[in-house]
Amino acid sequence: MSNTDLATNRIMARQNGIVQPLLTDLYQITMAYAYWKSGKVNDVAVFDLFFRTNPFQGEFTIFAGLEECLKFLQNFHYSDSDIEYLMQILPDNIEPEFFAYLKDLTCKDIKLSAIEEGSVVFPRVPLLRIEGPLIVAQLLETTLLTLVNFASLMATNAARYRMVAGKNVSLLEFGLRRAQGPDGGLSASKYAYVGGFDGTSNVLAGKMFNIPVKGTHAHSFVTSFSTLDDITSVMLRHADSLEQYNMLELSLEWRKRISSIIDVSPEEASDGELAALMSYAIAFPTGFLALVDTYDMKRYNIQGLRHGQRMNGHSGYNSNCGTNVTRISNSTVIRSTYGYSTVERTLRSGLLNFCAVALALNDCGYRAVGIRIDSGDLAYLSVLARSTFEQIAEVFKLPWFSKLTIVASNDINEETILSLNEQGHKIDCFGIGTHLVTCQRQPALGCVYKLVEVNGQPRIKLSQDVGKVTIPGHKEAYRLFGADGHALIDLLQRSSEPAPIIGQKVLCRHPFQESKRAYVIPSKVEHLYKVYWSDGGICISPKPLSEVRERVQSSLRTLRQDIKRNLNPTPYKVAVSDDLYNFIHDLWLQNAPIGELS
Ligand SMILES: Nc1ncnc2c1ncn2[C@@H]1O[C@H](COP(=O)(O)OP(=O)(O)OP(=O)(O)O)[C@@H](O)[C@H]1O
Ligand SMILES: O=P(O)(O)OC[C@H]1O[C@H](OP(=O)(O)OP(=O)(O)O)[C@H](O)[C@@H]1O
Ligand SMILES: O=C(O)c1cccnc1
Ligand SMILES: [Mg+2]
């Protein structure tokens with residue numbers, strides 16, 4: 001093992017340190033004692049971990065977090081200090097033998113079956129099935145839920161962003177500063193990548209999970225320079241000849257030459273900004289990607305939209321002062337009779353400085369990467385930036401200039417991307433933070449962990465709300481595919497039943513509505529569960545994150561488009577076999593008390 005691997009493992013161990021048996025609800029431990037006291041030490045249980053509703057008003061969910069669950073089972077052990085702490089917080093009457101029992105507990109008798117991580121999954125179909133000693137299986141509940149719930153929610157959220165953005169746009173996760181604490185931030189970066197993001201700004205996540213780390217720079221870097229004198233080192237060696245070039249002279253010269261193309265006089269552009277961009281370019285000549293909206297009057301509260309105010313989006317940026325309305329239609333930028341809006345003027349200053357530095361870099365044998373826009377009407381400003389790049393590319397015969405990357409950020413969410421798509425934009429990459437990592441649209445997935453069998457006897461939890469009635473017993477789940485190759489229905493069966501067979505008619509029933517049933521002749525049958533943990537060890541090694549990420553996309557491709565669409569998607573069907581249907585309803589009748597009318 002190399003030093004790097006060792007270092008990575010140390011960090012992983014530290015992070016995993018949070019995930020430990022005491023990361024649970026107190027009631028798991030008090031129940032464990034009560035089970036123990038009532039002689040249930042040798043009872044064997046089956047629990048299902050599942051959710052009841054898809055998040056984000058969607059009709060699919062991505063299952064994630066399995067690898068972390070396996071690591072948790074592997075390390076499950078109460079340390080001496082854990083036992084001491086439990087002795088302190090539990091009542092004095094707890095028998096000391098219980099603590100001795102806890103001290104020796106491991107997951108050696110647990111069996112965990114699961115759906116493959118990164119798969120699309122649906123309500124009611126258990127993601128995990130946990131079998132083993134009742135007490136141990138009970139003690140796992142909260143931790144397994146916390147490991148699966150956020151991971152799956154984040155991966156689903158990220159997959160939804162990927163779907164609306166399309167495959168040709170890059171997505172970067174920028175959310176650490178806004179995430180729900182350090183661990184939330186780290187998990188968000190990990191599962192955003194799983195869901196389809198291309199990279200993260202979170203350096204620790206990059207190191208720990210081998211996720212590409214990417215980034216630009218902040219406004220503070222630009223505002224820290226106020227004049228050209230703030231830059232002391234202006235020389236850059238040519239990429240090939242190694243000859244020294246004066247970037248300041250070159251940039252100033254280019255700024256003069258291109259000011260008429262960009263339609264801003266060099267006097268109007270900020271010298272501090274030029275100094276900042278130039279110094280960034282000298283530091284990173286092969287990775288020059290600059291923030292161009294710093295000198296935005298709105299940032300200084302002179303005018304503009306206030307936080308939270310929505311763009312109307314279809315007619316370009318409409319500044320609050322009411323003087324300028326600039327319209328766009330795809331790549332055509334039309335100046336209003338009143339001149340430019342403040343944001344546009346700002347961007348022109350940033351663009352002028354960026355292009356000047358990029359052309360100076362070109363003289364030194366380097367190609368700039370692009371710009372980031374973090375305010376204003378992102379559709380409109382991206383179109384403006386692209387048309388400027390195209391003009392420069394044409395005038396100076398530099399075709400690559402027209403392809404410079406345009407990154408957009410600023411409170412972006414799924415709806416913003418959909419709206420930008422409708423308006424027509426020229427953005428190559430979205431940097432997304434707050435809405436993605438906090439899952440603002442739905443902050444929790446409701447996975448639950450329910451007892452379905454004890455000592456071979458099925459258990460059902462009844463509820464006034466039919467949706468909350470559990471499906472009892474040890475079950476298998478199959479995904480049946482239709483003739484067109486798409487996934488058609490997920491079918492739950494009792495484990496004692498034979499698996500469905502390709503080409504043979506299967507009766508699929510709604511679990512609770514008698515009249516809802518259909519025959520399906522599957523063209524392919526996928527058994528959804530594999531045993532990942534048994535006899536005290538991992539049976540199937542978790543795949544690298546990049547493969548789980550690929551699995552998300554290949555699994556999503558098996559779904560029909562109408563199930564994935566953003567607005568009013570079609571629900572995917574989850575059914576039970578005829579045998580399981582009868583089993584549920586017989587047990588229901590046996591367990592439902594008969595009321596008495598008086
Ligand atoms: N063309 C567009 N269509 C729809 N929404 C957009 C468009 N352009 C930007 N947005 C969104 O509109 C919102 C604008 O928010 P806000 O008013 O805070 O931005 P801003 O004032 O330009 O930025 P800042 O406060 O950083 O200066 C953001 O959520 C942004 O993602
Ligand atoms: O908008 P998000 O999706 O959360 O993306 C991350 C944001 O974080 C950065 O700045 P920050 O918000 O800290 O400051 P700023 O808005 O003043 O630039 C960046 O400029 C983005 O705006
Ligand atoms: O690299 C960036 O541009 C970045 C990183 C974090 C937050 N906002 C932007
Ligand atoms: Mg912001």
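The values are calculated or read from the model by the stated rules, or taken from the named source; none is laboratory data. Because the structure is predicted, anything quoted here is derived from the model rather than measured. Heads up, the Cβs are rebuilt from the backbone with ideal geometry, glycines too, and the neighbour counts pull from every protein chain shown. Accessible surface is based on the protein model in full, side chains and every heavy atom, while ligands, DNA and RNA are left aside. Shrake-Rupley method; radii C 1.70, N 1.55, O 1.52, S 1.80 Å.
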- request: State the number of residues belonging to region 119-170 that are closer than 21 Å to Ala487 by Cα, of a type outside the set (Ser, Thr, Tyr) and touching a strand residue (DSSP E or B) at 6+ places or on another chain (Cβ under 7 Å).
  value: 12
- prompt: Among the listed residues Val213, Val203, Val194, Val222, which satisfies the condition of being hydrophobic (A, V, I, L, M, F, W, C) and within 16 Å of ligand 4 (Cβ to nearest atom)?
  reply: Val222
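Yes/no matrix, rows are residues, columns are (1) within 16 Å of ligand 2 (Cβ to nearest atom); (2) at pLDDT 95 or above; (3) within 27 Å of the chain's Cα centre (by Cα):
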| residue | (1), (2), (3) |
| --- | --- |
| Glu414 | yes, yes, yes |
| Ile417 | yes, yes, yes |
| Asn421 | no, yes, yes |
| Gly431 | yes, yes, yes |
| Leu451 | no, yes, no |
| Lys475 | no, yes, no |
| Arg479 | no, yes, yes |
| Leu492 | no, yes, no |
- prompt: Out of Lys214, Lys207, Lys190, which single residue is of a type in the set (D, E, K, R) and either surrounded by fewer than 18 Cβ atoms within 10 Å (Cβ to Cβ) or over 17 Å from Gly431 (Cα atoms) (or both)?
  reply: Lys207
message: Restricting to region 103-124, give me the number of residues that are surrounded by fewer than 23 Cβ atoms within 10 Å (Cβ to Cβ) and within 13 Å of Glu526 (Cα to Cα).
response: 1
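Here's the yes/no breakdown for (1) touching a Ser or Thr at 6+ places or on another chain (Cβ under 7 Å); (2) among the small types (Gly, Ala, Ser); (3) farther than 24 Å from Thr53 by Cα:
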| site | (1), (2), (3) |
| --- | --- |
| Asn421 | no, no, yes |
| Asp428 | yes, no, yes |
| Ala444 | no, yes, no |
| Asn455 | no, no, yes |
| Ala483 | yes, yes, yes |
| Asp490 | no, no, no |
| Ile501 | no, no, yes |
query: Out of all the residues in region 377-389, which are open to solvent by 10 Å² or more (accessible area, probe 1.4 Å) and either away from ligand 1 (no atom under 16 Å from the Cβ) or not charged (D, E, K, R) (or both)?
result: Leu378, Ser387
task: Scan Ile406, Ile392 and give me the residue that is open to solvent by less than 20 Å² (accessible area, probe 1.4 Å), touching a Cys at 6+ places or on another chain (Cβ under 8 Å) and within 15 Å of ligand 2 (Cβ to nearest atom).
output: Ile406
query: Any chance region 559-572 includes a residue that's open to solvent by less than 30 Å² (accessible area, probe 1.4 Å) and more than 18 Å from Phe122 (Cβ to Cβ)?
result: no
- prompt: Taking the condition closer than 30 Å to Pro133 by Cβ and in a loop (DSSP other than H, G, I, E, B), does Ser598 pass?
  reply: no
query: Pairs under 6 Å by beta carbon, first residue in the same structural domain as Ile94 (by TED's automatic domain parsing) in region 30-50, partner part of a loop (DSSP other than H, G, I, E, B) and open to solvent by 60 Å² or more (accessible area, probe 1.4 Å), six or more apart or different chains?
result: Asp43/Asn455; Val44/Asn455
- line: Within region 186-218, residues being in a loop (DSSP other than H, G, I, E, B) and either away from ligand 3 (no atom under 16 Å from the Cβ) or over 12 Å from the mean Cα position of the chain (by Cα) (or both) number 11
task: Under 6 Å between Cβ atoms, at least 6 apart or on separate chains: pull out the pairs that start in region 556-574 with a residue that is in a loop (DSSP other than H, G, I, E, B) and end on any residue that is open to solvent by 30 Å² or more (accessible area, probe 1.4 Å) and of a type in the set (D, E, K, R).
output: Pro569/Glu59; Thr570/Asp562; Pro571/Glu59; Tyr572/Glu59
query: Can you name every residue in region 219-242 that is in a helix (DSSP H, G or I) and under 18 Å from Leu252 (Cβ atoms)?
result: Val222, Leu228, Asp229, Asp230
- request: Could you tell me whether any residue of region 87-97 is on the phi < 0 side of the Ramachandran plot, crowded, with 20+ Cβ neighbours inside 10 Å, modelled with pLDDT of 95 or more and not acidic (Asp, Glu)?
  value: no
query: Pairs, please: C-beta under 7 Å, at least 6 apart or cross-chain, first residue assigned by TED's automatic domain parsing to the domain that holds Ala356 and open to solvent by less than 40 Å² (accessible area, probe 1.4 Å) and in region 236-262, second modelled with pLDDT under 95 and of a type in the set (D, E, K, R)?
result: Ile262/Arg348
message: Yes or no: region 345-367 includes at least one residue that is of a type outside the set (A, V, I, L, M), open to solvent by 10 Å² or more (accessible area, probe 1.4 Å) and under 26 Å from Gly195 (Cα atoms).
response: no
task: Output the residues belonging to region 5-36 that are in a helix (DSSP H, G or I) and either within 18 Å of Glu84 (Cα to Cα) or at pLDDT 95 or above (or both).
output: Leu26, Tyr27, Gln28, Ile29, Thr30, Met31, Ala32, Tyr33, Ala34, Tyr35, Trp36
- line: When region 150-185 is checked residue by residue, the ones that are part of a helix (DSSP H, G or I) and either of a type in the set (Val, Ile, Thr) or open to solvent by 30 Å² or more (accessible area, probe 1.4 Å) (or both) are Phe150, Thr156, Met163, Val164, Leu176, Arg177, Arg178, Gly181, Pro182, Asp183
task: Among the residues of region 193-204, count how many are of a type in the set (A, V, I, L, M) and either closer than 24 Å to Ser554 by Cα or surrounded by 19 or more Cβ atoms within 10 Å (Cβ to Cβ) (or both).
output: 1
